Amino acid sequence: MTRAVAQAGTITIEHLDKSYGSGNQSALHYIIKDVDLIVKGGEFFVLLGPSGCGKSTLLNIIAGFVAKTAGLLRVGQVEVDRPGSDRAVVFQQADSSLFPWLTVRQNVEFGLKMKKMPRQERHRVSDRFIRMVGLSGHESKFPRELSGGMKQRVQLARVLANDPEILLMDEPFGALDAMTRRTMQKELGQIWRETDKTVIFVTHDIQEALLLGQRIAVMSPGPNSRITDIYEVPLDYPRDATLPQFQSLQRRIQSHFEATLEGGAYP
């Protein structure tokens, strides 16, 4: 698939730190330290690392929910210091983001209604994305009537309906059963190819990273976490985890983590 680099959706990070504490430099506790990264517009980029390494912290800094301590963060040519409509987050727990008193359609249309989009236009937009995530026929159901996977579909449809340039996804399938998770991975890949969004996807699952990402950034264990390596994934979509090329790259990344944990190679 050929993609033009969309400058508006490109994320540039230089020497980014996030620390806690006060006083002199020796008293600071760094969650992430000296992160450099460029995510190209339209790219599916994965942040991969062990629990507690700062993946979600970095994602929340990009979202504008958490302030960086030092360094540069730009989306396109604009410095990021707060949330913006160009970035949207899909969380692991859909229950925390859906309104239980609204139907599927009303949840998907909520942001559009806040923007005062006319009802007929809202329905046209919500129809498109409800259909895209496979929820046609469920428009009148409430969240309590949906499975975990269906709730995640609603959350994704609502995010897409608001048309952000960038999707920030924080282990969105981590709470799902294995079968539903694989289905959602395939559907997300298809949605990404249809919409050309920039996606940053956080996971600690190597196979998930390889099924989805064009590039995979490996983060070292915390504290003082940083990006140590970036793997290119030269595999066509949709991807097959049984193929020798897939399994070879999976073993390579797995060996990377085993060497890190056993050898204490990172600070």
Degrees between helix 148-161 axis and first principal axis of the chain (Cα, 0 to 90, nearest 10): 90 degrees
Alpha carbon Rg of the range 55-130, scaled by the compact-globule rule 2.2 N^0.38 Å: 1.37
Within the range 126-237, percent of DSSP bridges classed antiparallel, to nearest 5: 50 percent
Vicinal HN-Hα couplings computed from phi for the range 116-131 (Karplus, 6.51 cos²θ - 1.76 cosθ + 1.60; Hz; Gly/Pro x): 6, 5, x, 4, 4, 5, 4, 5, 4, 5, 5, 4, 4, 7, 4, 5
Chymotrypsin sites (Phe, Trp or Tyr not before Pro) within the range 64-103: DSSP coil, no more than 11 neighbouring Cβ in 10 Å: 101
For the chain, the longest site-free run once trypsin sites (Lys or Arg not before Pro) in DSSP loop states with at most 16 other Cβ atoms within 10 Å are removed: 142-267
Total lysine pairs under 14 Å (Cα atoms) in the chain, excluding pairs fewer than 8 apart on one chain: 8
Whole-angstrom gap from the range 38-64 to the range 102-118, using each part's C-alpha centre: 28 Å
Positive-end residue of 227, 192, 174, charge dipole of the range 165-267 with Cβ unit charges: 227
Hull-based mean projected area of the range 189-257, where the convex hull spans the alpha carbons, in square nanometres: 4.9 nm²
Total charge dipole magnitude, the range 1-147, about the Cα centre, Cβ charges on Lys, Arg, Asp, Glu only, Debye to nearest 20: 600 debye
The chain: calculated mean residue ellipticity at 222 nm from DSSP helix runs of at least 4, using -39500 (n - 2.57): -11000 deg cm²/dmol
Check: the chain dipole with +1 on Lys, Arg Cβ and -1 on Asp, Glu Cβ, in debye: 900 debye
Positive-end residue of 216, 120, 132, charge dipole of the chain with Cβ unit charges: 120
Accessible-area value, residue 237, 1.4 Å probe, nucleic acids and ligands omitted, Å²: 60 Å²
Solvent-accessible ranking of 220, 97, largest area first, probe 1.4 Å: 97, 220
Computed label-point distance, nm, for sites residue 121 and residue 177 using a 7 Å Cα→Cβ extension: 4.2 nm
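The values are calculated or read from the model by the stated rules, or taken from the named source; none is laboratory data. Because the structure is predicted, anything quoted here is derived from the model rather than measured. In this analysis, Cβ positions are derived from the backbone assuming ideal geometry, glycine residues included, and neighbour counts consider all displayed protein chains. When the accessible area is computed, the model is the full protein with side chains, heavy atoms only, and any ligands, DNA or RNA have been set aside. Shrake-Rupley method; radii C 1.70, N 1.55, O 1.52, S 1.80 Å.
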